[in-house]
1. Pairs only if they're at least six apart or on different chains, beta carbon under 7 angstrom, first in segment 88-115 and under 28 Å from D143 (Cβ atoms), second among the small types (G, A, S) and in a helix (DSSP H, G or I); list them, first residue then second.
2. Filter segment 108-140 down to residues that are assigned to a loop (DSSP other than H, G, I, E, B) and modelled with pLDDT of 95 or more and give me whichever is farthest from P32 (Cα to Cα).
3. Go through segment 95-118 residue by residue and tally those that are closer than 24 Å to R57 by Cα, of a type in the set (G, A, S) and touching a helix residue (DSSP H, G or I) at 6+ places or on another chain (Cβ under 9 Å).
4. Can you pull out the residues in segment 65-80 that are modelled with pLDDT under 95 and aliphatic (A, V, I, L, M)?
5. Please verify whether W94 is modelled with pLDDT of 95 or more, in contact with a strand residue (DSSP E or B) (Cβ under 9 Å, 6 or more places away or on another chain) and either in a strand (DSSP E or B) or within 24 Å of L155 (Cα to Cα) (or both), treating the condition exactly as stated.
6. Consider segment 51-66. How many of its residues are closer than 21 Å to E77 by Cα and either surrounded by fewer than 14 Cβ atoms within 10 Å (Cβ to Cβ) or without any contact (Cβ under 8 Å) to a residue 40 or more places away in the chain (or both)?
7. Do the conditions hold for L41, that is, is it closer than 18 Å to A123 by Cβ, out of contact with any Gly (no Cβ under 9 Å at 6 or more places or on another chain) and surrounded by 12 or more Cβ atoms within 10 Å (Cβ to Cβ)?
8. Only residues that are more than 13 Å from the chain's Cα centre (by Cα) and touching a residue at least 60 places away in the same chain (Cβ under 8 Å): list them for segment 71-83, please.
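The values are calculated or read from the model by the stated rules, or taken from the named source; none is laboratory data. Quantities reported herein were computed from a predicted structural model and do not represent experimental measurements. Every residue, glycine among them, receives a Cβ derived from its backbone with ideal geometry; neighbour counts consider all protein chains shown.
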Amino acid sequence: MAELEIKPVALASTEAQQLIAALNTELDRLYPEDGANHFRLDADEVAPGRGGFFVARLDGELAGCGALRLAAPGLAEVKRMYVRETLRGRGIAWRMLQWLEAEARLLGAGRIVLETGERQIEAVALYRRAGYTEIERYGEYVDSPLSLCMGKALLR
């Protein structure tokens with residue numbers, strides 16, 4: 001049975017940067033329109049006590065990532081969720097999402113939100129299966145017609 005390990009890493013780490021670059025490449029391919037992609041994530045946003053950047057390894061192989069940041073008191077935001085294409089369909093994204101929700105609870109969040117794109121069909125299905133529902137676009141996504149924002153209450 002495959003072993004999945006999720007651990008925090010620095011945003012500037014080689015692991016994080018490799019996965020972020022792969023995610024950015026995929027998003028550029030899916031959304032080639034000018035201004036369609038929002039790639040900003042600052043190290044201070046995922047610093048201990050404010051969030052985190054997490055890497056998943058499947059049997060030691062770099063598999064995916066996800067980040068979490070406190071957007072406001074009691075409100076956490078999922079950022080940079082990604083699983084390498086060759087490792088999709090193995091439950092890695094589901095486990096990462098559960099991990100991020102647990103981290104959000106530890107940070108005192110009672111609600112969690114995220115932004116994805118309407119062309120990311122598998123991601124939207126994952127979030128819906130996990131109980132997320134569509135919400136109004138927020139923050140930097142307000143004027144982004146290709147953005148789909150979702151959220152859910154976190155049970156303690």
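1. Here the result reads I112/A104, each pair linking segment 88-115 to a residue that is among the small types (G, A, S) and in a helix (DSSP H, G or I).
2. Applying the filter and picking the extreme gives G108.
3. Residues that pass the stated criteria total 0.
4. Those that are modelled with pLDDT under 95 and aliphatic (A, V, I, L, M): A71, A72.
5. Considered against the rule, which asks whether it is modelled with pLDDT of 95 or more, in contact with a strand residue (DSSP E or B) (Cβ under 9 Å, 6 or more places away or on another chain) and either in a strand (DSSP E or B) or within 24 Å of L155 (Cα to Cα) (or both), W94 comes out as no.
6. Total satisfying the criteria: 1.
7. yes
8. The one that is more than 13 Å from the chain's Cα centre (by Cα) and touching a residue at least 60 places away in the same chain (Cβ under 8 Å): A71.
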